[in-house]
Each structure stands twice: as structure tokens, then as C-alpha cells.
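Readers should treat all values here as calculations from the given coordinates under stated rules, not as data from a laboratory. Because the structure is predicted, anything quoted here is derived from the model rather than measured. Here Cβ is always computed from backbone atoms with ideal geometry, including for glycine, and neighbour counts include all displayed protein chains.
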Amino acid sequence: MAKKKTIRTIPRERTPMREQPPEERVKNFAEVACGFGQEDALREAERCLLCPEQPCVSGCPVGIDIPGFIQKIGQKDFRAAYDVLTDTNLLPAICGRVCPQENQCEGVCTVGESLEPVAIGRLERWVGDKAIAEGWAGAPYIEPVPYRVGIVGSGPAGVACAADMAKAGCDVTVYEAFHLPGGVLRYGIPDFRLPNEVIDAEIGRLEKLGVKFECNTLVGRLFTIEQMIDELGYHAVFVGTGAGYPTMLGIPGDSLNGVLSANELLTRCNLMRAKEFPNYDTPLPLGQRVAVVGAGNTAMDAMRVCRRLGAEKVYCIYRRSRTECPARAEEVHHAEEEGIEFHWLTNPVEILDDGKGGVRGMRCIRMELGAPDDSGRRRPVPVPGSEHDFETDLVVFAIGTNANPIMGQTSTLRLNKRGYIETDADLATSVAGVYAGGDIVTGAATVIEAMGAGRKAARSMKAYLGIRDPERPYAIDGRGATGRMFGFDPEERNFARVRVG
Amino acid sequence: MQKFEIVAREDFSDVTYLLEVRHPLMAKAAQPGQFVIVMSHPEGERIPLTIADYDRERGTITLVIQAVGKTTREMQRDCVLGSSLYGVTGPMGIPSHVGKAKKVVCVGGGLGVAPVFPQARAYKEGGAYVIGIVGFRSKELMFWQDKFGAVCDQLIVCTDDGSAGIKGMVTAGIKKALREHDDIDEFVVIGPPVMMKGCAEATRAHKVKTMVSLNPLMVDGTGMCGGCRVKIGSEVKFACVDGPDFDGHLVDFDDLMTRLRRFTEQEKAAAQRWSENCRMASVPQSLKTAPPVEEAELPDPFDEVPGG
């Protein structure tokens, strides 16, 4: 075709994506980033050099063939682009929206060394959205195998695992404790970042693969993991229950009525539709001046939700500096545009009581950065005598979560000392046939990392069940049921040596 | 689509009603002290309700509900025989520890008689001597006297107006039990927070273990939102996954009662709007005539509505 692309011949600037203007969008819950049109996608696809090194592929936690799908976009074979994407990632419309691309694929993009990196996330989202609009579904014919697989939790790890097991021909049931599937995608991420219709569409595609979703089912309490194997007839089980046990700061005043976790605020608003109260029955705490403690993606979501619910002032209180802020760059940028006030190097010491059980304000102390801590980030230390007060009537904690205790209370799965499930390198737990992955193993991480874990567990489960995995005919990691054959390790196996015997 | 069919209903009074819901797996799994989260329709809220009984053979669970807010009144109107609830999840919470106690007092205040019943029965089946204490405003509000009485070796009835049993609150019954028995191993108390607080105070001086079941506001019931956090001694616990049973002598009841008022404004508004929108024949007379909203201050499912 055309002559080879070089850094000099491609469009220099990233294709802009239309967004709702900040003054408009703070009044609604519609999506902020409106997505590419076809022309935008074609122009952006042109910016990919299709370089042989493909650093983006190794930058992606699930190893999507990124140049492959971008090349298909460039060739206007959009269906093929979708097929390439879904070979590794079943939920492109979701990941294109919520992955921290700047730390992953886009962060290592070759084009990014001299120009702005290729907008891989936006292209992925465009392909995902197009698939939803066109009704494309993956895997037309699946050869059934006689295995039943149970998945606990319908969040990113669970659905990724469910999809792979369904494609392998298993009879897959996903259990969800809430009344709607999606896990953190549903209760955690607000509509303006990930519309519910996108979740419904992606879940709908899994149902077309034959995956069954059973909501209102609290595994562990309604039946245990062990019962799933022993009584309910599951041959293998995947546990992806997440790490949703919110942390409170443990400072004076944190049980006041105007103090809540970001999880609670977001669940009320996103899943229970409290923003549409009284058409929906769940109420929301109301605040005119809201202080959100923390600066991760959850904090950004909580702040922007409060802004949309009509709060005049929203403060972000974070004990480290902007450099250490763990949120996606785009979210911080959007939050700033929406008038969120950032107070870096600030830490709450006390929440002040209004005398009626509510919140009047929050006392904070300034911090400065000291020597690096375990996480490699410089540790914030308080500056003596720098206490100052914020006037606020609602305080939201978005300072991280711990392991959910229900699995530990109800099963014999071995946990580590922080309450997370212990697994080996193949994500097998201490109970035969039971695998685990996502936040309940690693602690809070990203959607795509959880999906990566779900897929990795699926590979191990296929090996355990003895299902031939077309993706990896010989490379079955480690000790699965087919790990050794005729006394040889998989790597050593070849026809010549087997015949010798 | 799952269905949670209502297979039996009984109305104890204008405000208290019983629903028996088909859920074979739950009937099999339920233990004393556990609760469910119910969502009556897709736009509804998730409300925690303690399991008052379960029938493993029939495959049903029983809930006893008091119509105090918008959701529970709406359910009173809509949950007719043969209808279905949109969502029933559970059984949630750590089951009550039914230990080796030889003599146990099970105290139920008002609606609390229902959730304390499974524990009384479990103790009885375990061979303990069970003293039941039930407290109501008046005789007309009493329910399950026979059912509860059948699992008790001794039943003490208290009514505020003296229309049945001892005149006075359940604490009067507790005093009587303590007077008559000096070998009580444990009290199990379920009812409105103020009543549980009173009972915990009544037993504190006697140093008898007193377990209470807490009913804070919840969203998910699985440890995810933290809305149900309660102060137990110097610790903060989540009632949904760390409870709902706690040592009554360590519970900060004032904190619990303050936290139950988190959404009073919105709840009042919702109840008012609902009352105005459904002045129809099926609404019980008392709801139409009584000024319901001002009086339904505390959105506490155990709190009895005056005039009920």
C-alpha cells in the first residue's frame, strides 16, 4: 500500500474528542466525553506507526494486540478491529473509558516519545461502542464441554473469567449479591464516566455467549464455596468478590451523620439511582460544601457526583501532592474543569460537630513530603501548628478499601494476614477447583487488572478441567492438571521423545 | 428472572404484618439472628429485615414488618398473597451464637418479638431453660404469644398500659426475671434501640451477658458501604458483616440512635408525598386519619407507630 509511515508523516496532534462543556455537564449525569466519530477514529488510527517493537502490547495488562486492531480501523474493516480486540478483551467499550491508559499502553507508545501518544483508549472505546450499536457479538459457535463453572461476583474479574469459560464451552453461572450485575462498574463508576447502557450492553453480550447471571445471591451465606463444588455440581469456581470494605480515618467525629464512605455515596447514587429521588426511593445525603478525602479515581467520582447534585463547593483533601495523586489524569483534569478545589498536602485531623449530630466543618493539618515510604512515594509528615478549618457539611472518605470479610467468614479458603485470598501463581486457592482473582487477591487495583486476573484464572481453570485451550496449546503455566504429561514438563514435550518410550 | 413469591400473609394490627416468602435456598441456609435485604420493586430502596422464622420443609422464610415509612407502607398495601418481591438477598450477618447457656432470657420489644423468636427456639432445642419477656404498648398490639410461648419455659408479658401482664416496660420484666432466678447465663434482647439500651442498663449491674441485635441503616448489607457502622466499645464495626449481634454492654446506643436519623428529612418528605398520592380505599383507616408524617419521626422499623 502506501509508503511506510514515519513520525514526520503522521498527524502531529492527537485527534480531539468532543466533551460536554464543564458549565453544562455539572448540571447533568450524561457522559462527559462524547467519543470519536468515524472520521476521528480514522485520523487517529493513521497516527499509529505500527512499529515493530509494540511497547503498547506489553504495556497492556491483558496484552491486547493494539497495533493489530488499529491497523484494521485504518483499513476500515471495523468488524475485524472488534474481533482483534475481543480476542483478548471482551469489554472494550468499558475499558476504553475507564483504563488508566497514560500509565499503560499510551504511556509507553513510541509516538509518545516525540509527539502526543496515539489515543489508544479512545480508539478502543470507539470500536466497542460501534459493536454495541451494530449488535456485533463474538464467538458464533461454541463446542460445549460437560463442565459447570460458578463465578462469584459480577464485577470486572468475574465477567472476564465468565466470558472465557463460556467461550471454552462451559456452562457458566455468575452470582451477584446486588439486584443488578456489573459489580463496581455498576455501583462504583458514575454514569457520566460509564453509562449504565454500556454495562447493560456488555453484560447482554455475555448472556448471548450463554453466561447466566443470578442476582440477589450472597455466596458464602446463601450457600458456601465448598457447597458449590460438593452439592451444587460445579466443577470449578472463580471468586472475584472485590475489596469493597471501606476504610474510615478513625479521627474524632467520623461517625457524625454528615460523614460517609465514597462507596456509600456512589452506591446510593449510581446503583440505587438516589439522584432521581423521589422517583427512586433511596435517599442521598445532601451537602452544600462537601469535603472529599482522598485523590484516587473513586474520590474524583465522588466529588463530581456531589457537584452534579448541586453542591456549591467541593474540596479535594489529599495528604500527598499532585504528583502522587493516583487518579487517572483525565479525571483530575475534568474535576478541575468542573470547579473542584484541590487542597494538596492537607490531612484531616478532626471532623467538627454542629451540635445536632451533623457536620459543621473539618479541621486539617498541612503536610510536607519526607523520605520515601514502602510504596516508593515520599511520605507525608504533618507540619506542626499548621491546623486550619474548612467549613463543610458533608465529608466523604475515599481513602481506600479492605478485603470483604464474607469469604473468610464462610469458607475454608486460606487468607493472608490482611484478609485477602491467598493464591498461587496460577490463581488457584487452597481449595481444589477454586480460583480467585482481582481485588480480593491483590487489594484495590484497576478494572483492567481485575479483568486480566479473571482471564488468567480462566486459563488455569481450563487446564484444571482438562479443556484444550486453543490460545495456548502447550504453554500451560505450572502445575495444572495437564502440566506434566508422560513425565515431561510441557516445555520439554515433543513427539520425538515420547516415541522413544 | 427470580421470583420471591409471597405465599402467606397475616396482619397483626393496622401497622404490623407478616409475610411468608418462598425462597427454598434461603430457608435451608437461614440461622437465628440473620437478616435479609428486601427490595420490593425496581425503583425501591433496599431495606434490612430480620428473619423471624424459616421453614426448611416448606422452603419459606417469614418476615414481620411494621409500616412506618414510605417503603414499609407501600409494601403493606402491595404485598398481597401471590405477589412477588423484586429482590430478597441473604441470609446476611453472622448467625447468633447459640451457646451452651443453661438459662437464657429472650426479650422482645414490640416488633422485636419476631426476630428474637428463632433464637429462643434454638436455645430451647439446645436444652436450655428459656424465659421469654415480651413488651407491647397494649394488648391489641400483641402477636405470636402462643408461638413464642411454646418455646419458652416461662413467659413474662409487659404492656405499657397494663392491658395484659405486668404494667410497665420490658425492663420491669427483666427485674422480675432477675429477682426470681439467680442463675441466668445470658440475655438476648431485640427491639427499638432505646429499649435495648434500657435493657442493657438493667442487666449491667448484674454482670449478666446481654446480646443485642442492631438495626442501623444499610444499603448493600454486604460490608461495602459502611453506612451501618456502629461503635462497640472503642471499636467501629459494620453491623451487616461484623454483626448484627453485639455485646449490649459495649454498644454506644446514643450514636446508633443519632445515625438512624440520618435521612429523617428525606424520609418524612417521601412518606408525606406517598400519603398524598394514594388516598385510596385500600389504605387502612388509621393511615388516612392520623397525621402520620409528623409522628413517624424515627425511621426505625422496630419503633411502634402511635395509634397503631
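Only helical DSSP H runs with n ≥ 4 go in: add -39500 (n - 2.57) per run for the protein assembly as shown, normalise by residue count and round the 222 nm mean residue ellipticity to 500 deg cm²/dmol. Only helices count here, giving -8500 deg cm²/dmol.
Extension gain A:Ala133-A:Arg12, at 0.36 nm per residue separation less the Cα-Cα distance, in nm? Could you put the intermediate results ahead of the total?
On the way: separation 121, 0.36 × 121 = 43.56 nm, distance 3.03 nm.
Stretched fully, the A:Ala133-A:Arg12 segment lengthens by 40.5 nm.
Restricting the calculation to Cα atoms, region B:103-260 shows an Rg/Rh of 0.97 when the hydrodynamic-style radius is the Kirkwood one. Here chain A is scanned for GluC sites (Glu not before Pro) in DSSP loops (not H, G, I, E, B) that have at most 11 other Cβ atoms within 10 Å, and the longest stretch holding none of them is A:313-501.
Seen against the Cα atoms of chain A and their longest principal axis, helix A:297-308 is set at about 50 degrees. Work out how much length A:Arg363 to A:Thr247 would gain on full extension: take 0.36 nm times their residue separation and subtract the Cα-Cα distance, in nm to one decimal. 39.9 nm is the gain from fully extending A:Arg363 to A:Thr247.
Would you please name the trypsin sites (Lys or Arg not before Pro) within region B:66-116 that are DSSP coil residues with at most 14 other C-beta atoms within 10 Å of their C-beta? Walk me through the numbers before you get to the answer.
Details: sites: B:Lys70, B:Arg73, B:Arg77, B:Lys100, B:Lys102, B:Lys103; in loops: B:Lys100, B:Lys102.
Passing sites in region B:66-116 are B:Lys100, B:Lys102.
What FRET efficiency would be calculated for the residue pair A:Asp230, B:Ala8, taking the C-beta separation as r and a Förster radius of 25 Å, to the nearest 0.05? Let's see the in-between values first.
Details: r = 32 Å, r/R0 = 1.30.
Step by step, r from the Cβ atoms, then E = 0.15.
For region B:141-227, the direction-averaged projected area of the alpha-carbon convex hull comes to 7.6 nm².
Computed over region B:4-92, the percent of Cα pairs more than 24 Å apart is 10.
Once the convex hull of all Cα atoms in region A:22-134 is built, its volume per residue stands at 113 Å³. Note on A:Ser114 and A:Asp389: with the Förster distance fixed at 51 Å, the Cβ-Cβ geometry gives a FRET efficiency of about 0.60.
To the nearest 0.05, what FRET efficiency results for B:Lys209 and B:Asp160 with a Förster distance of 22 Å applied to their C-beta separation? Spell out each step's value before the answer.
Values: r = 27 Å, r/R0 = 1.24.
Using R0 = 22 Å, I get an efficiency of 0.20.
Simple spin-label estimate for A:Asp373 and A:Ile142 gives 4.4 nm between the two label positions (7 Å along the Cα-to-Cβ direction from each Cα). Students often get this wrong: which residues of region A:28-51 have the backbone nitrogen under 20 Å from the point 7 angstrom along Cα-to-C-beta of A:Glu337? Flagged as within label range: A:28-41, A:44. Between A:Asn402 and A:Thr442, the modelled label-to-label distance comes to 2.2 nm, taking each label 7 Å out from Cα in the direction of the beta carbon.
Listed by Cβ neighbour count within 10 Å, with the fewest neighbours leading, B:Ser13, A:Ser411 appear as B:Ser13, A:Ser411.
For region A:153-299, what is the convex hull volume of its Cα atoms per residue in Å³? It would help to have the intermediate numbers written out before the result.
Working: hull volume 20.6 nm³, N = 147.
Convex hull of Cα atoms, per residue: 140 Å³.
Taking other C-beta atoms within 10 Å as the exposure proxy, A:Cys60, A:Cys325 rank A:Cys325, A:Cys60 from fewest upward. Give the residues of region B:1-35 whose amide nitrogen is closer than 16 Å to a point set 7 Å from the Cα of B:Leu81 in the direction of its Cβ. So the set is B:5-12, B:18-22.
Find the eigenvalues of the gyration tensor of the Cα atoms of region A:1-42, then list the square roots of 5 times those eigenvalues as equivalent ellipsoid semi-axes, largest first, in whole angstrom.
Working: eigenvalues 220, 24, 5 Å².
Over the Cα atoms of region A:1-42, the semi-axes work out to 33, 11, 5 Å.
Its residue count N sets the reference 2.2 N^0.38 Å, and the alpha-carbon radius of gyration of region A:314-405 equals 1.20 times that reference.
When Rg is the radius of gyration of the Cα atoms in chain B and Rh is its Kirkwood radius, what does Rg/Rh come to?
Dividing the radius of gyration by the Kirkwood radius yields 0.94.
Using Cβ contacts closer than 10 Å as the measure, can you line up B:Ile156, A:Ile120 from fewest to most? Working shown, then result.
Details: B:Ile156 21, A:Ile120 25.
The most exposed by this proxy come first: B:Ile156, A:Ile120.
Principal axis extents of the C-alpha atoms in region A:143-198 (largest first, rounded to whole Å): 41, 20, 15. Within region A:255-387, the proportion of Cα pairs with more than 19 Å between them is 54 percent. Shape class for the protein assembly as shown, computed from the alpha carbon gyration tensor (a ≥ b ≥ c): prolate, with a/c not under 1.5 and a/b above b/c.
Which of the trypsin sites (Lys or Arg not before Pro) found in region A:1-78 are loop residues per DSSP with 14 or fewer other Cβ atoms within 10 Å of their Cβ? Walk me through the intermediate numbers first.
Numbers: sites: A:Lys3, A:Lys4, A:Lys5, A:Arg8, A:Arg12, A:Arg14, A:Arg18, A:Arg25, A:Lys27, A:Arg43, A:Arg47, A:Lys72, A:Lys76; in loops: A:Lys3, A:Lys4, A:Lys5, A:Arg8, A:Arg12, A:Arg14, A:Arg18, A:Lys27, A:Arg47, A:Lys76.
Filter output for region A:1-78: A:Lys3, A:Lys4, A:Arg8, A:Arg12, A:Arg18, A:Lys27, A:Lys76.
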